[in-house]
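Asks: Please find one structure pasted underneath; my questions will follow.
The values are calculated or read from the model by the stated rules, or taken from the named source; none is laboratory data. Values in this document were obtained by computation on a predicted structure and should not be read as measured data. Heads up, the Cβs are rebuilt from the backbone with ideal geometry, glycines too, and the neighbour counts pull from every protein chain shown.
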Amino acid sequence: MKKYFDSCPETINENGLYGFSWIESVLAIPSPLVCVTSYKENGLPNATMQSWCTFDGNEGFHVLFSAVNKNTHMYSSIMKSKHFVVNFPSKDVFMKCYATIENNDYSKDEITASGLTAETALKVNAPLIKECFLNLECKLEWVKEIKENSDHYVFCAEVVGIHMDEEHFNAEKLGRYEETGYLYNIHSPINPDNGDKMETQIGVIHKLGSYDKL
Ligand SMILES: Cc1cc2nc3c(=O)[nH]c(=O)nc-3n(C[C@H](O)[C@H](O)[C@H](O)COP(=O)(O)O)c2cc1C
């Protein structure tokens with residue numbers, strides 16, 4: 001039986017959602033886990049975990065971030081430089097990318113401080129994380145507030161170059177999916193029937209097979 005919701009269920013305490021909508025927690029739709037790198041205005045590498053993102057492959061190839069907080073270094077550095085790199089960690093690299101949040105200091109090289117290696121991108125003025133299996137070099141095209149006077153902006157950027165580990169584009173080796181591939185963020189799912197809340201989880205894609213297998 002389906003249940004219909006158009007307001008926050010009484011079982012959910014909105015004060016415990018850290019500003020996120022109750023719909024976010026009821027749906028808990030997974031989104032790709034990435035780390036965005038750019039140069040801060042002082043020239044030092046910046047690194048920001050991001051998850052609310054998607055892609056368009058029709059007009060060239062674009063990455064869209066749906067919720068960039070304007071109070072982050074990512075927002076200020078990319079608004080100035082217009083260049084950045086989207087880095088995809090596999091599970092063995094994830095915790096080092098996550099450590100960039102602890103090392104979120106304007107006077108730090110956030111990549112090196114987190115035990116990772118910063119390399120220079122080829123077409124954009126931004127660092128990339130060597131240990132990540134995929135790096136997308138991006139040029140910012142436009143930004144827009146998600147709502148008037150919001151703290152959060154949509155960023156749309158064209159991907160102008162990609163670095164991909166050959167073992168990951170080979171499905172016979174590490175591949176793109178399952179345990180060794182893309183990571184997904186499953187943000188704090190809540191059961192609206194009783195308010196039970198799960199910790200944020202990390203997921204991978206388990207393939208079911210081609211259409212004729214279903
Ligand atoms: C899994 C994960 C996903 C995140 N996604 C976003 C996001 O989509 N937008 C955002 O503004 N912050 C997001 N954050 C929070 C930023 O990574 C965090 O505020 C960071 O310290 C900002 O770094 P900066 O000031 O160097 O840019 C996320 C954090 C985590 C752990």
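Asks: Would it be correct to say that Lys40 is within 11 Å of the ligand (Cβ to nearest atom) and not hydrophobic (A, V, I, L, M, F, W, C)? So that I can check it myself, show each step before the final result.
Replies: Working: within 11 Å of the ligand (Cβ to nearest atom): yes; not hydrophobic (A, V, I, L, M, F, W, C): yes.
So Lys40 passes the test.
Asks: Would you mind stating whether Ile146 is of a type in the set (Val, Ile, Thr) and either within 16 Å of the ligand (Cβ to nearest atom) or touching a Phe, Trp or Tyr at 6+ places or on another chain (Cβ under 7 Å) (or both)?
Replies: Yes, satisfied.
Asks: Which numbered condition in (1) among the aliphatic types (A, V, I, L, M); (2) farther than 19 Å from Pro32 by Cβ; (3) surrounded by fewer than 17 Cβ atoms within 10 Å (Cβ to Cβ) is the only one that Ile190 fails?
Replies: (3)
Asks: Also, I was wondering about something else. Can you tell which of Ser21, Ser51, Ser31, Ser7 is in contact with a Pro (Cβ under 9 Å, 6 or more places away or on another chain), among the small types (Gly, Ala, Ser) and either at pLDDT 95 or above or within 29 Å of Asp193 (Cβ to Cβ) (or both)? Let's see the steps before the verdict.
Replies: Details: Ser21 fails: in contact with a Pro (Cβ under 9 Å, 6 or more places away or on another chain); Ser31 fails: in contact with a Pro (Cβ under 9 Å, 6 or more places away or on another chain); Ser7 fails: in contact with a Pro (Cβ under 9 Å, 6 or more places away or on another chain).
Selected residue: Ser51, the only one of Ser21, Ser51, Ser31, Ser7 that is in contact with a Pro (Cβ under 9 Å, 6 or more places away or on another chain), among the small types (Gly, Ala, Ser) and either at pLDDT 95 or above or within 29 Å of Asp193 (Cβ to Cβ) (or both).
Every residue, every condition in (1) of a type outside the set (Gly, Ala, Ser); (2) in a loop (DSSP other than H, G, I, E, B); (3) within 28 Å of Lys2 (Cβ to Cβ), yes or no:
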| site | (1), (2), (3) |
| --- | --- |
| Glu167 | yes, no, no |
| Glu172 | yes, yes, no |
| Gly175 | no, yes, no |
| Ser188 | no, yes, yes |
| Asp193 | yes, yes, yes |
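Asks: Looking only at segment 165-188, decide whether some residue is more than 16 Å from the ligand (Cβ to nearest atom), touching a strand residue (DSSP E or B) at 6+ places or on another chain (Cβ under 9 Å), closer than 13 Å to Val85 by Cα and without any contact (Cβ under 8 Å) to a residue 60 or more places away in the chain.
Replies: No, because not a single residue in segment 165-188 is more than 16 Å from the ligand (Cβ to nearest atom), touching a strand residue (DSSP E or B) at 6+ places or on another chain (Cβ under 9 Å), closer than 13 Å to Val85 by Cα and without any contact (Cβ under 8 Å) to a residue 60 or more places away in the chain.
Asks: Looking for whichever is surrounded by fewer than 14 Cβ atoms within 10 Å (Cβ to Cβ) and in contact (Cβ under 8 Å) with a residue 24 or more places away in the chain here; the options are Lys80, Lys40, Lys70. Which one fits?
Replies: Values: Lys40 fails: surrounded by fewer than 14 Cβ atoms within 10 Å (Cβ to Cβ); Lys70 fails: surrounded by fewer than 14 Cβ atoms within 10 Å (Cβ to Cβ).
Only one candidate qualifies: Lys80.
Asks: Do you know which residues across segment 51-105 are of a type in the set (D, E, K, R) and near the ligand (Cβ under 10 Å from one of its atoms)?
Replies: Hits for segment 51-105 are Lys70, Glu102, Asp105.
Asks: Could you list, in sequence order, all residues of segment 43-67 that are closer than 21 Å to Val204 by Cβ and either out of contact with any helix residue (DSSP H, G or I) (no Cβ under 9 Å at 6 or more places or on another chain) or free of Cβ contacts under 8 Å to residues at least 24 places away in the same chain (or both)? Talk me through it step by step, then tell me what you get.
Replies: Within segment 43-67, the subset closer than 21 Å to Val204 by Cβ is 49-55, 63.
Within segment 43-67, Ser51, Trp52, Cys53, Thr54, Phe55, Val63 qualify.
Asks: Criterion first (within 15 Å of the ligand (Cβ to nearest atom), in contact with an Asp or Glu (Cβ under 9 Å, 6 or more places away or on another chain), under 26 Å from Glu166 (Cα atoms) and at pLDDT 95 or above) does Ser114 satisfy it?
Replies: yes
Asks: Is one or more of the residues making up segment 18-33 near the ligand (Cβ under 9 Å from one of its atoms) and part of a strand (DSSP E or B)?
Replies: For segment 18-33, residues near the ligand (Cβ under 9 Å from one of its atoms) and part of a strand (DSSP E or B): present.
Asks: Same structure again: Please work out if Cys97 is outside any loop (DSSP other than H, G, I, E, B) and more than 13 Å from Ala126 (Cβ to Cβ).
Replies: Answer is yes for this residue.
Asks: Does at least one position in segment 106-125 carry a residue that is in contact (Cβ under 8 Å) with a residue 60 or more places away in the chain, of a type outside the set (D, E, K, R) and assigned to a strand (DSSP E or B)?
Replies: Among the residues of segment 106-125, at least one is in contact (Cβ under 8 Å) with a residue 60 or more places away in the chain, of a type outside the set (D, E, K, R) and assigned to a strand (DSSP E or B), which makes the answer yes.
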